[in-house]
Every structure is written in C-alpha cells, then in structure tokens.
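First up is the structure itself, then whatever we jot down about it.
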Amino acid sequence: MEQDAVRPTGQGSPVLFYVQHLLGIGHLMRAGRIAMALQENGSDVTLVTGGLPVSGFELPGVRQVNLPPIAVSNGNFAELVDADGKLVDDEYRARRCEQLLQVFRQLQPECVIIEAFPFGRRQVRFELLPLIEAIEATEPKPILLSSLRDILQKRLKPERDEETARMIRQHFDKVLVHGDPNFATLDESFSCAKQIADKLVYTGLVCAPRPQPSKEHFDVVVSAGGGAVGARLVHASLDAALKLSQKYSWCIIAGPNMPDDEYAAIASQKTGNITLQRFRPDFPALLCSARLSISQAGYNTVGDILQAKCRSILVPYSASGETEQTDRAVRLQEMGLAQPISENSLSGASLATQVEKLLLQDSPVTSSTLDTQGAVQTAEIVQALISDRHQP
C-alpha cells in the first residue's frame, strides 16, 4: 500500500469506516450505502473492507482499502480462511492488523465507525482491539461509533452481552442502531440494552432510495443474497418455476458466492421463461417492476422490498441456530408486509403454491410506514457529532 494512499483528498472531515463481511454481503452493502451518504454529506470517507471481493460493488467518490481477505469456512464461523480457502495463521492476522493500523495512522480520522463490533465479529478482534487501543492513545481522541443492524442474533451465553455492554461503555461514544424503533428495539435481541441506553441512537432503516422501475419486467424475482448459503432457495425456486411451466417469467439471482459447479448445474435446467444471473446491481429497480419477490430475510433485501412495495415471500436463513432473519420475517408478516416460509418446509411444490396464491391476489400491496431514511440520517448524526467535537 502506498504511503499516502489513504490520506484525505477532500475538504470534509476524515471518517474511517471498517466493515468485515464473512459469509454473505449484507454487512458490506449496508456499510456501502452509509459510506455513500457520509460522502455526499461532506465527509471524506475511507471504507476499509476485509472480506472476499464482490463483483459490481462500487462506491463512486469513496476511498476503499481492502485488507487481505478472509471468510468463514463452509458456514463455520469458528474457522477463518483466505481467498484460496486456506486457514489463516497468526502471520496473516498480523499482516491485516498492521495494515489497518497503518490506515488509521495515515488518515488521522476525526471519526471511526466499526460495523457490528463489539456486538458481533468477534472473529476479527485480533485487529479491532489494537485499533481501539490506538484510538484511545490518540489526542484528540477520534469519535468511535458502532454501526449496528436493528435485530441481532440472540446469544446463548449472557456473559457475552455483559462483555459487549462493558466495552461499549468504556470505549464507544454512540451505537448507531439502523432501525425504526416502531419495528424493533435493541432490547428485544440484546439483553443488556438498558445498560447502554444513553449510547443508543436509532437512525431509521438503511435503504437505497426507491429507483425508477426497471425496463425489464419479471413476474417473479428470486434473490439469494451473496449465494454462499442460498442454494436451497435457488433450487426450490427453479423447481417451482418448472412446475408452473411457462406461466410466469422468472429472474433468479443466485449470488456472486455460489460455487461454480452448482451454478452450472442450475443453468443446465432452466427454461426459456427463466433468466439466471449471479448479480444484478439494479436489483432494487428490478423489484420495482416485479410482481413478486422471493428471498431470504436479510436486512438489505427486506429494505429493498419495502422501498419497491413489492409482494414478497421470505425464506429466513435459520441454519446453525440463526434467529435474526426469522425474527424479521415474523414481524413483517404481522404487519402484513410479507409471507414467510420456513427453510424446513421449503420445496418447489410449497413455493409454487404460494407463488400462485400471491400472484392471483387483486388487493393492493400493503404500504410500509417504517422510516427508511437511515443512510441520510446516519450521515447527519455523524456530522453533528463531529461538529460538537469542535465546540469549545
């Protein structure tokens, strides 16, 4: 990395935003939307990422620094691997840590935003704890913020929540909760929320602005997020499309991380009414012109569905005891905004039945009243904190 590769070039306040995606791309996409809003609001943003490269992910005007990539091995969050699938060793970790600290020293940010940590991403504390130590040792100390989605994975070990709350009280200025408290509050998925209540700021849901509808029109748009864990959803959607014959047009977006052999096998089965692709940067626009969305219940995808006002079937990811997506899907069902299908009951036949049922409905789609201006409002909150920092 060049010595001045990350020195701010604009006139805005330098902001360092760290995000680590390990399995899907949801964390990265949300961080990207916030980074763009910060940049447009006048900050000079450097986004540090540490996951596998994502084709089509571009943030015009935002400086990006890529650490040596890591991911999880076969969905096992206890094992970190590099881009070649090899387990990372201490030398690899040390190289990442030193590069991150070098970015911090060169940038001299007024504000550091860390996505998910310390509520999650314990796998990368080998570099985040040294970063926090460096922040504490800097004078004047940069503002330190945690950027957090609205619903967390519920922990089986209460002591982890206690540890997280202690770290927030000791080191962080604020926790930016990217949600609408009318939909979900942090105390519902984090047991120690009351201990840090004075640190919590709700920003609204981070969603892209509603785009113009795509000129391509599909009856059904299927999306599997990053694709690393969406194979079952894609296979069931393909089976449903084949069962319904040529009745509807389908766009199936398998995800950039779906293994090549699996993608090829799916491609060999599709028929003329099915379009198969790995990634669509215009996904939100596709939803605006679609009649029905089928997806998992990840934060970003749900936000796009709400903005598009599209009927939706949600298949929450629930492997390995995951609860976050199921909690989100159930809440949306209660508001009349989605129809969930559990992974356990998912099949081509069950999906085809739901598709027919929803596409035959004449009633209008229920409109959401949730706050979806989280990216812009986050940028305004960060700028206000920086401005307060300069007050005598």
Percent of alpha-carbon pairs separated by more than 17 Å within the range 309-392: 63
Going through LYS215/LYS309; LYS199/LYS309; LYS247/LYS270 one by one, the pairs whose alpha carbons sit over 21 Å apart turn out to be LYS199/LYS309
What trypsin sites (Lys or Arg not before Pro) in the range 33-104 are in a loop by DSSP, with at most 12 other Cβ atoms within 10 Å of the Cβ? LYS86
What lysines sit close enough to LYS194 to cross-link, taking a C-alpha to C-alpha distance under 21 Å and skipping anything fewer than 8 places away on the same chain? LYS154, LYS157, LYS174
Using Cα positions and a limit of under 17 Å, work out the aspartates and glutamates in reach of LYS243, with same-chain residues fewer than 8 apart set aside. ASP219, GLU356
Share of antiparallel DSSP beta bridges in the chain, in percent to the nearest 5? 10
What fraction of the Cα pairs in the chain, stated in percent, has a spacing above 27 angstrom? 50
Net charge of neighbours whose Cβ lies under 14 Å from the Cβ of ALA290, counting Lys and Arg as +1 and Asp and Glu as -1: +2
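Among rounded, prolate and oblate, which fits the range 260-301 when a ≥ b ≥ c are the square roots of the eigenvalues of its C-alpha gyration tensor, a/c under 1.5 means rounded, and a/b larger than b/c means prolate? Can you show the working numbers first?
Numbers: a/c = 2.19, a/b = 1.55, b/c = 1.41.
Prolate shape, in that a/c is at least 1.5 and a/b is the bigger ratio.
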Over all Cα pairs of the range 225-326, the Kirkwood radius sets Rh, and Rg/Rh then becomes 0.94
How high is the relative contact order of the chain, given as a whole-number percent (alpha carbon pairs under 8 Å, six or more residues apart)? 16
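Relative contact order, percent, of the range 172-220 when contacts are C-alpha pairs under 8 Å separated by at least 6 residues?
46
Using DSSP, restrict attention to beta bridges with both residues in the range 8-114 and report what percent are antiparallel, rounded to the nearest 5.
Given both bridge residues lie in the range 8-114, the antiparallel proportion sits at roughly 20 percent.
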In sequence order, what are the phi-derived ³J(HN,Hα) couplings for the range 147-153 according to the Karplus relation 6.51 cos²θ - 1.76 cosθ + 1.60 with θ = phi - 60°, rounded to whole Hz, with x for glycine and proline? 9, 9, 6, 6, 10, 9, 5
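Given an 8 Å cut-off on Cα distances and at least 6 residues of separation, report the relative contact order of the range 67-183 as a percent.
22
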The range 157-240 - Rg over Rh from alpha carbon coordinates, Kirkwood radius: 1.16
For the range 189-202, Karplus couplings with θ = phi - 60° (6.51, -1.76, 1.60), whole Hz, Gly/Pro x: 10, 10, 5, 9, 4, 5, 5, 10, 4, 6, 9, 7, 10, 8
What accessible area per residue comes out for the chain, rounded to a whole number of Å², with a 1.4 Å probe? 43
Amide H partners (placed H, <5 Å) of LEU276, local residues excluded: ILE252
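Which FRET efficiency value, to the nearest 0.05, do you get for GLN212 and ASN182 by plugging their Cβ-Cβ distance into 1/(1 + (r/R0)^6) with R0 = 35 Å?
Here the calculated transfer efficiency is 0.80.
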Only helical DSSP H runs with n ≥ 4 go in: add -39500 (n - 2.57) per run for the chain, normalise by residue count and round the 222 nm mean residue ellipticity to 500 deg cm²/dmol. -11000 deg cm²/dmol
Give me the net charge for the shell around ARG33: Cβ to Cβ below 13 angstrom, other residues only, Lys and Arg +1, Asp and Glu -1. -2
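The values are calculated or read from the model by the stated rules, or taken from the named source; none is laboratory data. A quick note: this is a predicted structure, and the numbers were derived from the prediction, not measured. Cβ atoms come from the backbone with ideal geometry, glycine included; neighbour counts cover every protein chain shown. In case anyone asks, the SASA skips ligands and DNA or RNA and just uses the protein heavy atoms, side chains included. Shrake-Rupley method; radii C 1.70, N 1.55, O 1.52, S 1.80 Å.
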